[in-house]
Amino acid sequence: MPQPEVPLYDREITGPFSALCGGGTDNDGSMESCITVAELAGGGYALGGNKPEDAGRELRGSRDEITSFARAWLAQHDA
């Protein structure tokens with residue numbers, strides 16, 4: 001019998017968060033303004049930020065959800 005799918009927020013993070021930096025927007029070169037991403041057990045990703053106030057807060061989504069969001073954001077913001 002197939003196992004029920006585990007909800008995204010109940011899945012374990014399988015590795016460290018990696019920072020995806022687009023350039024230091026904090027003006028001191030510390031690259032504080034980064035999005036962080038980690039894979040989830042069973043699929044999906046946890047997204048966060050690397051600022052101190054972001055600690056312990058994350059947004060989770062499937063690959064399709066995150067890809068759909070990224071495409072829609074780029075379509076609205078790409079010059």
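A simple count of charges around G48, restricted to other residues whose Cβ falls under 12 Å of its Cβ and scoring Lys, Arg +1 and Asp, Glu -1, yields 0. The slack in the chain from Y9 to T67, taken as 0.36 nm per residue of separation less the alpha-carbon distance, amounts to 19.0 nm. Accessible surface ranking for Y45, Y9, 1.4 angstrom probe, highest first: Y9, Y45. Placing I35, I66 in order of accessible area, with the largest value first and a 1.4 Å probe, yields I35, I66. The gain in end-to-end length when the V37 to R57 segment is fully stretched comes to 6.0 nm, 0.36 nm per residue minus the alpha carbon separation.
Surface listing: C34, C21 arranged by accessible area from highest to lowest gives C21, C34, probe 1.4 Å.
The values are calculated or read from the model by the stated rules, or taken from the named source; none is laboratory data. Quick caveat: nothing in here was measured; it's all calculated off a predicted structure. Heads up, the Cβs are rebuilt from the backbone with ideal geometry, glycines too, and the neighbour counts pull from every protein chain shown. In case anyone asks, the SASA skips ligands and DNA or RNA and just uses the protein heavy atoms, side chains included. Shrake-Rupley method; radii C 1.70, N 1.55, O 1.52, S 1.80 Å.
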